[in-house]
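The values are calculated or read from the model by the stated rules, or taken from the named source; none is laboratory data. Small disclaimer: the values here were computed from a predicted structure and weren't measured. For neighbour counting, all protein chains shown are included, and Cβ atoms are generated from backbone atoms with ideal geometry for every residue, glycine included. These accessible areas exclude ligands, DNA and RNA; they are computed on the full protein's heavy atoms, side chains included. Shrake-Rupley method; radii C 1.70, N 1.55, O 1.52, S 1.80 Å.
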Amino acid sequence: MAGDEETTTTTTTTTATLETTSTWAVACVCFILIVLSLLIEHALHLLAKYFNKKRRRSLIHALNNVKSELMLLGFVSLLLTVCQKYIAKICIPRSVGETFLPCKTLTEGDSEEETKCEEQGKMSLLSSQGVEELQYLIFVLAFFHSLYCVLTFGLGMAKMKKWESWEAETRTLEYQFTNDPRRFRLIHQTTFGRQHLRYWSEHWLLRWPACFIRQFYRSVSKVDYLTLRHGFIMAHFAEGSNYDFQKYIKRALEMDFGVVVGGSFWTWSFSMLFVFFNAHVFYNYLWLPFIPMVMLLLVGTKLQGIITKMCLDSHDKALVVRGTLLVRPSDHFFWFGKPKLLLHLMHFILFQNSFQLAFFTWTWYKFGFRSCFHDSTEDIVIRLVMGVLVQILCGYVTLPLYALVTQMGTSMRTIVFTEGVVEGLKRWRRKAKKNIALRNNQSARLSLDTSIDNSPSFNTLDTSFSLDLDQPSSDAGYLTVEISEEETVATKRPEQPQKLGSFEGFDLCKTS
């Protein structure tokens, strides 16, 4: 009978497509996404206008690098969306696909593409679900890398805030009396000499451990800052100059921030190696999180060693100092004679550490806190502790030390002058070239392009300018600065400059 029979109801659920979705729902979701995107774009535009108003072109460059990085990751995400089914259709032998797994157990997929591969006795190269999860990783990585760089440089700038008081102290009568050039002292009697000329300074086996320890409790001391400032000014400016060294370091660090906040081919290549080594057979949590920490400590030790070697170099050249101990900037103190190498190492450290934290956050969000990616407590503790320690140590200890020491190379950078002065000099140079061309007759103007490279006097007039920053006496000489589009500028002191005019309080001179 019908009342006594048991009825079985089967329901089948299918994924709803746009054909079976209300148009108001589609329109609302699209409208919300468009509004959010426009708000983010407008916020970045306002930030760029603020930097432009403050004439912080290096920060505008950093913001453009962030936009380029986001655009790159967005393009990768778009490619993954378009090629999702095509990637899943690529079948590989099961013996190959079951190697280097992040988890010890293998889960089978149920998509149409994976089913076709299983019918052939193979498996999909990357399942459709895996492609979707990879897109989440891309967005998390973009967010973490930008946030991590901002926090790191924010910590560094906060610590370097006290350098303003040190810079202001150099303009006091007490500082000028203490460092009077007419006072003579033995190098061991100076504070800088007593700090760095120890029994361990002469032997590199003892110097490296001492410099390693010093970076933790005295990364940048007041005497180090004042001594390196004095050496920089004596190498590139007139003695007794009131040049604001602290603002120069700040501008240099902002320019370096524009490099670090972006990505490069080799940083992405190492990131892919990090993904590869996440296979469970490598036990990567025992060694991979320590790589950024070891590199950071190595860079900090090298920077401290450079300061000590500069003191030893001054000691070898003179036992008696006049006024302040004079250190001589030179590229040979740095690895391979390239101060910029330290910037690339800092870039690698920040990128890899942010990538590891982003990867941990992604696995936590997608697979849970106790997934097969982090199946042991030691794994979780090591990754979190190393990530936080590298963040604090890099921002508060190594970054200020890097900002100071890397200015002690042979050449100074173009940002030694403010952007207004550099732009004014370039305008003056273009105007001078135009006036010279107008004075020549038609035949001279036609041969100008072929003779300009072969005429030493004319070439010197086109590319060299002399800036008397502190208007020294005639016997003190002038500082000749070659203004170019490169990052560094070369300096020299001609004996008899020919004055051409002045610009914003600076004397502009032709050199022979």
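What are the residues in the stretch 51-74 that are open to solvent by 50 Å² or more (accessible area, probe 1.4 Å), under 21 Å from VAL260 (Cα atoms) and assigned to a helix (DSSP H, G or I), if any? Lay out the reasoning, then the answer.
Of all residues in the stretch 51-74, those open to solvent by 50 Å² or more (accessible area, probe 1.4 Å) come to 52-57, 61, 64, 67-68, 70-72.
Of the ones still in play, those that are also under 21 Å from VAL260 (Cα atoms) are 52, 55-57, 61, 64, 67-68, 70-72.
Of everything in the stretch 51-74, those that are open to solvent by 50 Å² or more (accessible area, probe 1.4 Å), under 21 Å from VAL260 (Cα atoms) and assigned to a helix (DSSP H, G or I) turn out to be ASN52, ARG57, HIS61, ASN64, LYS67, SER68, LEU70, MET71, LEU72.
Would it be correct to say that PHE369 is at negative phi, assigned to a loop (DSSP other than H, G, I, E, B) and aromatic (Phe, Trp, Tyr)? Break it down stepwise before answering.
On the way: at negative phi: yes; assigned to a loop (DSSP other than H, G, I, E, B): yes; aromatic (Phe, Trp, Tyr): yes.
Yes: the conditions hold for PHE369.
Working only within the stretch 167-188, note down all residues that are more than 14 Å from LEU325 (Cα to Cα), free of Cβ contacts under 8 Å to residues at least 60 places away in the same chain and not hydrophobic (A, V, I, L, M, F, W, C). Explain how you work it out, then say what you get.
Of all residues in the stretch 167-188, those more than 14 Å from LEU325 (Cα to Cα) come to 167-174, 177.
When the remaining residues are screened for being free of Cβ contacts under 8 Å to residues at least 60 places away in the same chain, the result is 168-169, 172-174, 177.
Of everything in the stretch 167-188, those that are more than 14 Å from LEU325 (Cα to Cα), free of Cβ contacts under 8 Å to residues at least 60 places away in the same chain and not hydrophobic (A, V, I, L, M, F, W, C) turn out to be GLU169, THR172, GLU174.
Looking only at the stretch 250-290, which residues are within 22 Å of VAL385 (Cβ to Cβ) and in contact with a His (Cβ under 9 Å, 6 or more places away or on another chain)?
Here is the first cut: in the stretch 250-290, the residues within 22 Å of VAL385 (Cβ to Cβ) are 270-271, 274-275, 277-278, 280, 282-290.
If the condition is that a residue be within 22 Å of VAL385 (Cβ to Cβ) and in contact with a His (Cβ under 9 Å, 6 or more places away or on another chain), then TYR285 is the only one that fits.
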For this session: Go through (1) surrounded by fewer than 19 Cβ atoms within 10 Å (Cβ to Cβ); (2) touching a residue at least 12 places away in the same chain (Cβ under 8 Å) and name the single condition ARG214 misses.
Result: (1)
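Look through GLU114, GLU19 and report the one residue that is over 37 Å from the mean Cα position of the chain (by Cα), surrounded by 11 or more Cβ atoms within 10 Å (Cβ to Cβ) and at pLDDT below 80.
On the way: GLU19 fails: surrounded by 11 or more Cβ atoms within 10 Å (Cβ to Cβ).
The match here is GLU114.
Report the residue count in the stretch 314-366 for those that are part of a loop (DSSP other than H, G, I, E, B), surrounded by fewer than 14 Cβ atoms within 10 Å (Cβ to Cβ) and more than 18 Å from the chain's Cα centre (by Cα).
Going residue by residue through the stretch 314-366, those that are part of a loop (DSSP other than H, G, I, E, B) are 318-319, 323-330, 334, 338-339.
When the remaining residues are screened for being surrounded by fewer than 14 Cβ atoms within 10 Å (Cβ to Cβ), the result is 318-319, 338.
Next, from what is left, pick out any that are more than 18 Å from the chain's Cα centre (by Cα): 318-319.
Counting residues in the stretch 314-366 that are part of a loop (DSSP other than H, G, I, E, B), surrounded by fewer than 14 Cβ atoms within 10 Å (Cβ to Cβ) and more than 18 Å from the chain's Cα centre (by Cα) gives 2.
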For this session: Would you check if VAL140 is within 22 Å of ASN65 (Cβ to Cβ), under 24 Å from the mean Cα position of the chain (by Cα), of a type outside the set (Gly, Ala, Ser) and open to solvent by 70 Å² or more (accessible area, probe 1.4 Å)?
Result: no
For this session: Check off (1) outside any loop (DSSP other than H, G, I, E, B); (2) farther than 23 Å from THR324 by Cα; (3) touching a Phe, Trp or Tyr at 6+ places or on another chain (Cβ under 9 Å) for PHE212 and give me the number that stays unchecked.
Result: (3)
Exercise. Restricting the stretch 373-430 to residues that are among the hydroxyl-bearing types (Ser, Thr, Tyr) and part of a loop (DSSP other than H, G, I, E, B), which is modelled with the highest pLDDT?
Worked result: THR406
For this session: Return the total of residues in the stretch 299-350 being aliphatic (A, V, I, L, M), at pLDDT 85 or above, over 24 Å from ALA210 (Cβ atoms) and out of contact with any Asp or Glu (no Cβ under 9 Å at 6 or more places or on another chain).
Result: 1
For this session: List every residue pair whose Cβ atoms sit under 9 Å apart, with the two residues 6 or more apart in sequence or on different chains, where the first one lies in the stretch 35-58 and is on the phi > 0 side of the Ramachandran plot and the second, anywhere, is surrounded by fewer than 11 Cβ atoms within 10 Å (Cβ to Cβ).
Result: ARG55/GLY420
Seminar exercise, completed: When the stretch 217-245 is checked residue by residue, the ones that are open to solvent by 10 Å² or more (accessible area, probe 1.4 Å) and under 22 Å from LYS302 (Cα atoms) are TYR217, ARG218, VAL220, SER221, LYS222, VAL223, LEU226, ARG229, HIS230
Exercise. If you take the residues in the stretch 283-313 that are open to solvent by 40 Å² or more (accessible area, probe 1.4 Å) and of a type outside the set (Ser, Thr, Tyr), which one is nearest to the chain's Cα centre (by Cα)?
Worked result: MET295
For this session: Could you grab me the full set of residues in the stretch 178-211 that are open to solvent by 80 Å² or more (accessible area, probe 1.4 Å), modelled with pLDDT of 80 or more and among the hydrophobic types (A, V, I, L, M, F, W, C)?
Result: LEU205, LEU206, TRP208
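Starting from residues that are surrounded by 12 or more Cβ atoms within 10 Å (Cβ to Cβ) and not aliphatic (A, V, I, L, M), keep the ones in the stretch 85-103 and report whichever is nearest to the chain's Cα centre (by Cα).
Residues of the stretch 85-103 surrounded by 12 or more Cβ atoms within 10 Å (Cβ to Cβ): 85, 87-92, 94, 97, 100-103.
Filter again for not aliphatic (A, V, I, L, M), leaving 85, 89, 91, 94, 97, 100, 102-103.
On the way: LYS85: 38, LYS89: 40, CYS91: 41, ARG94: 43, GLY97: 38, PHE100: 33, PRO102: 31, CYS103: 35 Å.
Taking the candidates together, the pick is PRO102.
When you go through VAL299, VAL294, VAL259 one by one, which is the residue that is without any contact (Cβ under 8 Å) to a residue 12 or more places away in the chain and of a type in the set (Val, Ile, Thr)?
Numbers: VAL299 fails: without any contact (Cβ under 8 Å) to a residue 12 or more places away in the chain; VAL259 fails: without any contact (Cβ under 8 Å) to a residue 12 or more places away in the chain.
Of the residues listed, the single one that is without any contact (Cβ under 8 Å) to a residue 12 or more places away in the chain and of a type in the set (Val, Ile, Thr) is VAL294.
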For this session: List every residue pair whose Cβ atoms lie under 7 Å apart, where the two residues are 6 or more positions apart in sequence or sit on different chains, the first residue falls within the stretch 230-252 and is within 21 Å of LYS161 (Cβ to Cβ), and the second residue, located anywhere, is open to solvent by 10 Å² or more (accessible area, probe 1.4 Å) and not β-branched (Val, Ile, Thr).
Result: PHE232/PRO329; ASN242/ARG171; ASN242/ASP470; TYR243/LEU469; PHE245/ARG229; GLN246/GLU164; ARG251/SER58; ALA252/ARG413
